[in-house]
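Written out below as structure tokens is the structure these notes cover.
Here, each number is a calculation from the coordinates, and none is a lab measurement. The structure presented is a predicted model; accordingly, all values stated were derived computationally and were not measured. Cβ: placed from backbone, ideal geometry, glycine included. Neighbour counts: every protein chain shown.
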Amino acid sequence: METPPSYAPPKKSNTGLIIGLVLGGIGICCVGGIALVLFGGLQFFKNVAPMAECMMNYSAVQKGMDEYAQANNGKLPPAATWQNDLKPYVEKSLAKLKKEAGPFKVMDVNGDWGCTTGETKTGMAYNTEIAGKTLEDVRAKALVTVFETPQIGRNQALKFEELPRSSSPKLMGNPRGWIKIVGGRVHMDGRDTDMKF
């Protein structure tokens with residue numbers, strides 16, 4: 001009589017374990033990568049959004065100045081009341097921006113005009129050298145009309161003086177330069193940042 005063959009259980013395959021580990025690794029990499037991209041994007045947006053908001057504010061003031069001049073025989077407002085005089089025109093531009101700005105915030109036309117970057121708030125000042133002149137003359141001479149200052153206040157009017165870039169608010173850890181309106185365009189640190197809206 002022959003001995004029956006002994007029972008040998010089938011060998012377990014590691015294929016399922018290997019597939020599970022590979023898929024798990026891919027899942028962790030994908031989720032981690034997406035989280036890293038989202039975090040980086042949020043950090044970038046957090047740093048860059050205030051700059052975009054500043055540029056929108058200055059663009060609205062520039063557009064308001066153009067409209068004020070058109071309604072007042074080409075003349076610019078007096079220095080002592082320039083924000084009060086430009087307010088209805090700037091308010092109209094900002095209202096349009098609020099609809100189109102998406103996640104960006106624009107300044108309160110009834111408050112102090114300027115920019116907020118992190119903890120730093122800056123103001124806007126009107127160049128006293130242009131008060132009462134015509135917009136055409138100011139543009140022909142490429143004079144600064146409105147510029148960013150470290151001081152905050154309503155209807156600030158000062159003689160324009162170039163401030164050192166190193167003292168400007170920081171953007172992503174570096175001084176970003178001071179904003180000014182020259183020749184009908186918004187400039188930052190010597191670069192034209194003309195925005196259309």
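Quick one: of Lys92/Lys141; Lys63/Lys180; Lys121/Lys180; Lys63/Lys98; Lys63/Lys99; Lys141/Lys170, which pairs are farther than 19 Å apart, Cα to Cα?
Pairs exceeding the cut-off: Lys92/Lys141; Lys141/Lys170.
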Which net charge results for the neighbourhood of Arg139, defined as the other residues with beta-carbon distances under 12 angstrom from its beta-carbon, given Lys and Arg at +1 and Asp and Glu at -1?
0
Would you please classify the overall shape of the range 75-182 from the alpha carbon gyration tensor, given that a ≥ b ≥ c denote the square roots of the eigenvalues, rounded means a/c under 1.5, and beyond that prolate means a/b larger than b/c while oblate covers the rest?
oblate
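Grab the Cα-Cα distance for Lys170 and Thr128, subtract it from 0.36 nm times how many residues apart they are, and report the gain in nm with one decimal.
Gain on stretching Lys170 to Thr128: 12.4 nm.
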Plugging the Cβ-Cβ distance of Leu163 and Ala95 into 1/(1 + (r/R0)^6) at R0 = 25 Å yields, to the nearest 0.05, a FRET efficiency of 0.20
HN-Hα J in Hz across the range 167-173 - Karplus 6.51, -1.76, 1.60, θ = phi - 60°, x for Gly and Pro:
8, 7, x, 8, 10, 6, x
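Semi-axes of the equivalent ellipsoid for the range 67-121, please: Cα gyration tensor eigenvalues, times 5, square-rooted, ordered largest first, whole Å. It would help to have the intermediate numbers written out before the result.
Values: eigenvalues 115, 49, 11 Å².
For the range 67-121, the ellipsoid semi-axes come out as 24, 16, 8 Å.
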